[in-house]
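Comments concern the structure below.
The values are calculated or read from the model by the stated rules, or taken from the named source; none is laboratory data. Every value quoted in this text rests on a predicted model; they were computed, and no experiment measured them. Cβ coordinates were reconstructed from backbone atoms using ideal geometry, including for glycine residues, and neighbour counts include every protein chain displayed.
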Amino acid sequence: DTEVTQTPKHLVMGMTNKKSLKCEQHMGHRAMYWYKQKAKKPPELMFVYSYEKLSINESVPSRFSPECPNSSLLNLHLHALQPEDSALYLCASSQNKEGRKNNEQFFGPGTRLTVL
Amino acid sequence: LAKTTQPISMDSYEGQEVNITCSHNNIATNDYITWYQQFPSQGPRFIIQGYKTKVTNEVASLFIPADRKSSTLSLPRVSLSDTAVYYCLVGALNSGGYQKVTFGTGTKLQVIP
């Protein structure tokens, strides 16, 4: 299984709602990533988890709260979002075996988020 | 992180070979060069990765000169389905075992019938 799955595919939420995005992989990858992509822009890194520990937070506002409950799952909890947070949210995973010098990231299809 | 520079867009006719060049003047010794392809409303997909000289796989070739300050992705005989955005990235694994990458602006390739 070389697939990263993301649910839901589409999400519409109000600014007072609380919602969560889910990402799952069963490739045994121990690094997982959240990216945000606005229309016609490149993906921007938000968070990186390595061995279920948060390793990078790219100064993301606290209304985005990541969680890695186990090595296969990555969640992104959303609360009090703003309309400008509307974007495609991409999850990715990669191997991080000791001794590897390069690292391919496997991306999921993304969740299209619209904040009203 | 090394910054990459690519042409914003390119057009090509079906059946032609397409070469997309990426500049990465500040590439570090441990950095690898990776190319991803992205279709609208989908996640990027890995195409090819290399460190130096030439790398070839079933879909593309990657040419890297000795100074490694640039690289060229070569797509042989493109078809309409190759219309996509192509991103060049440079980066290496850090001690934590993950790769922090920065996507450049990407090159939007339009294949014309």
*Would you kindly identify the strands (runs of 3 or more DSSP E) lying entirely within chain B that contain at least 2 residues that are hydrophobic (A, V, I, L, M, F, W, C)?*
B:18-23, B:32-38, B:45-50, B:61-64, B:70-75, B:84-91, B:107-112
*Hits in segment B:2-36 - residues which are modelled with pLDDT under 95, surrounded by fewer than 15 Cβ atoms within 10 Å (Cβ to Cβ) and touching a strand residue (DSSP E or B) at 6+ places or on another chain (Cβ under 9 Å)*: B:Lys3, B:Thr5, B:Asn25, B:Asn26, B:Ala28, B:Asn30
*For segment A:1-23, which residues satisfy the criterion of being out of contact with any Asp or Glu (no Cβ under 9 Å at 6 or more places or on another chain) and surrounded by 14 or more Cβ atoms within 10 Å (Cβ to Cβ)?*
A:Leu11, A:Met13, A:Asn17, A:Lys19, A:Leu21, A:Lys22, A:Cys23
*Here are some conditions: (1) of a type in the set (Ser, Thr, Tyr); (2) on the phi < 0 side of the Ramachandran plot; (3) more than 14 Å from chain A (Cβ to nearest Cβ). B:Thr102 meets all but one. Which one does it not meet?*
(3)
*Having 2 or more residues that are hydrophobic (A, V, I, L, M, F, W, C) is the bar; report the strands (runs of 3 or more DSSP E) wholly within segment A:1-106 that clear it.*
A:10-13, A:18-25, A:31-37, A:44-50, A:53-57, A:64-70, A:73-79, A:87-94
*Matching residues in segment B:78-90 - criterion: being under 26 Å from A:Ser55 (Cα atoms) and more than 8 Å from every other protein chain (Cβ to nearest Cβ)*: B:Cys88, B:Leu89, B:Val90
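Have a look at B:Thr34, B:Thr5 and point out the one that is touching a residue at least 60 places away in the same chain (Cβ under 8 Å), farther than 14 Å from B:Ile64 by Cα and under 13 Å from the mean Cα position of the chain (by Cα).
Within the list B:Thr34, B:Thr5, the selection yields B:Thr5.
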*Tell me which residues, restricted to segment B:46-63, are modelled with pLDDT of 95 or more and touching a Pro at 6+ places or on another chain (Cβ under 9 Å).*
B:Ala60, B:Ser61
*Name the single residue, out of those in segment A:81-108 being away from chain B (no Cβ under 14 Å) and surrounded by 14 or more Cβ atoms within 10 Å (Cβ to Cβ), that is modelled with the lowest pLDDT.*
A:Leu81
*Among the residues of segment A:6-30, count how many are within 11 Å of chain B (Cβ to nearest Cβ) and closer than 15 Å to A:Leu76 by Cα.*
4
